[in-house]
Amino acid sequence: MKQIALASRPNGAPTPENFRLEELPIPTPGEGEVLVRVHYMSLDPYMRGRMDDSKSYAANIPVDGKMEGGSVGEIIASNADGFEVGEFVMGGFGWATHAAVPATGLAKVDPKTAPITYSLGVMGMPGFTGWLGLTEFGRPKSGETLVVAAATGPVGSMVGQVAKSMGLRVVGIAGGPDKCKMAVEQFGFDECLDHYAYDTASALRKDLKAACPKGIDIYFENVGGKVLEAVLPLMNLHGRIPICGMIAWYNGTSEVDNGLSGQQIWRHILVSSLSVNGFIISNFWNRLGDFHKAVGPMIAKGDIAVQEDITEGLENAPDAFIKLLTGGNTGKAMVKVI
Ligand code: NDP
């Protein structure tokens, strides 16, 4: 079997040298375990944080340890009751072609219900994140205006589409004209602005203001950086900001010094009486069933569009991941392992 290990910790943006492809014997499943042959592996922005050694909400990956992540695959050997060879399961198998793991905690995936890749994207962790953050902390109301960046990614596109279905005006921000076109034509956003087209936050703010004539009620925070700086002064009284991510800062080198000081940020929160809620989706797994009940039928009916970005081959995962952090993906980033 093959796996990818963390060879060294990145200093700023990760490079291919931070990863190492390894060949190992296929593991044997122990009592209560299954052996899984991975078909698709998810690439997610949170993995960048796990490569560092700074304190976070989850344990870091040790140097020389296997890169972590969620995957979907087929059981090829089973020592666990209720899990049969040939069944598909989703779990944390890491960046690897095979994994022997305890069956407890695995989610079964039915390939007859939906493509198995959906369990990593639109029906999986990122889609759930968008829905939960919007409905729980955005508290959307018909007629309000929502702004979300990384608009064509699995989180942003879920946020935008669910908000549209609830009667909001939805303005996206995405990287480049093609992604903006996709946000409007495929995902049904009312407008989308290309953040690369603006050198400064104030220039972006001017066009955002025109796109949001009634101000912004919900800013679903995915990116931080220039977008946050543009949005904050446009927030309406009692606006809500679910803080989901801040990818512009994940590599620790770019846009660290944006134009808004901490003092200004707090002032905007105070004077507009904003509700700002950070959330980590792993604290909400008990709501996954609610998400599937609410959004599953919309996906089945084709009311939620799906965009996936699939890279072939485990050995190409590092490059695909490096690209994801700077917008080189279009849609849910995954690796086809088999
Ligand atoms: P995406 O597939 O949307 O990929 C990330 C996107 O971020 C890129 O494609 C790019 O889109 C955008 N981006 C990168 N750098 C910048 C920048 N400097 N300024 C503006 N945009 C940038 O990712 P996901 O949908 O999987 O995740 C979106 C966010 O949600 C991330 O911040 C992630 O960490 C967070 N998240 C948080 C969770 C939680 O539990 N709180 C769970 C899951 C995700 P473009 O080219 O359009 O700019």
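Rule-based calculations on the coordinates, nothing more; no lab input. A quick note: this is a predicted structure, and the numbers were derived from the prediction, not measured. Note that each Cβ is placed from the backbone with ideal geometry, even for glycine, and that neighbours are counted across all protein chains shown.
Full extension of the segment from LYS112 to ASP207, taken as 0.36 nm per residue of separation minus the current Cα-Cα distance, would add 29.7 nm. With an a/c value under 1.5 for the gyration tensor axes a ≥ b ≥ c computed over the alpha-carbon atoms, the range 125-281 is described as rounded. Using a cutoff of 8 angstrom between alpha carbon atoms and counting only pairs six or more residues apart, the relative contact order for the range 125-281 works out to 22 percent. Note on the chain: antiparallel DSSP beta bridges, both residues inside, total approximately 55 percent of the bridges counted. Quick one: grab the alpha carbon gyration tensor of the chain, order the square roots of its eigenvalues as a ≥ b ≥ c, and give me rounded if a/c is under 1.5, else prolate or oblate depending on whether a/b is larger than b/c. The shape class here is prolate. Helices in the chain, meaning DSSP H runs of at least 4 residues, each add -39500 (n - 2.57). Divided by all residues, the mean residue ellipticity at 222 nm is -7000 deg cm²/dmol. Once the chain from ALA59 to VAL276 is taken as fully extended at 0.36 nm per residue, the excess over their C-alpha distance is 75.6 nm. Scoring 315-323, 302-310, 59-67 by mean Cβ neighbours within 10 Å over their residues and listing the highest first yields 315-323, 302-310, 59-67.
Mean separation of Cα pairs under 8 Å and 6 or more residues apart, divided by the residue count, gives the chain a relative contact order of 17 percent. Helix 288-300 and the longest principal axis of the C-alpha atoms of the chain enclose an angle of approximately 80°. By other beta-carbon atoms within 10 Å, ranking TRP95, TRP285 with the fewest at the front produces TRP285, TRP95. Be a star and scan the range 108-142 for residues whose amide nitrogen sits under 11 Å from the point 7 Å along the Cα-to-Cβ vector of GLU312. It comes to no residues whatsoever.
Computed over the range 139-221, the quotient of the alpha carbon radius of gyration and 2.2 N^0.38 Å is 0.98. Only residues of the range 27-70 count here: report those whose backbone N is under 20 Å from the spot 7 Å along Cα→Cβ of LEU21, or say none. Label zone hits: 27, 37-44, 64-69.
In this structure, the residue pairs whose Cα-Cα separation is over 26 Å, taken from LYS2/LYS112; LYS226/LYS332; LYS293/LYS323; LYS226/LYS301; LYS293/LYS332, are LYS2/LYS112; LYS293/LYS323; LYS226/LYS301. Secondary structure note: in the range 125-281, about 0% of the DSSP beta bridges are antiparallel. Computed about its Cα centre, the charge dipole of the chain is approximately 1040 debye, with only Lys, Arg, Asp and Glu carrying charge at their Cβ. Electrostatic tally near ALA230: other residues with Cβ closer than 11 Å to its Cβ, Lys and Arg +1, Asp and Glu -1, net +2. Using alpha carbons only, how many degrees (0 to 90, rounded to 10) separate the axis of helix 262-271 from the longest principal axis of the chain? With rounding to tens, the tilt is 70 degrees. For the pair ILE76 and GLN263 in one chain, pulling the backbone fully straight at 0.36 nm per residue adds 61.7 nm over the alpha carbon distance.
Once backbone amide H atoms are built at 1.01 Å from N, CYS192 has GLY172 as its partners under 5 Å, excluding neighbours fewer than 5 places away on the same chain. Each residue in MET246, MET298 was given a count of other beta-carbon atoms within 10 angstrom of its own, and listing them fewest first yields MET298, MET246.
Between helix 201-211 and the chain there is an angle of about 80 degrees, using the helix long axis and the longest principal axis of the Cα atoms.
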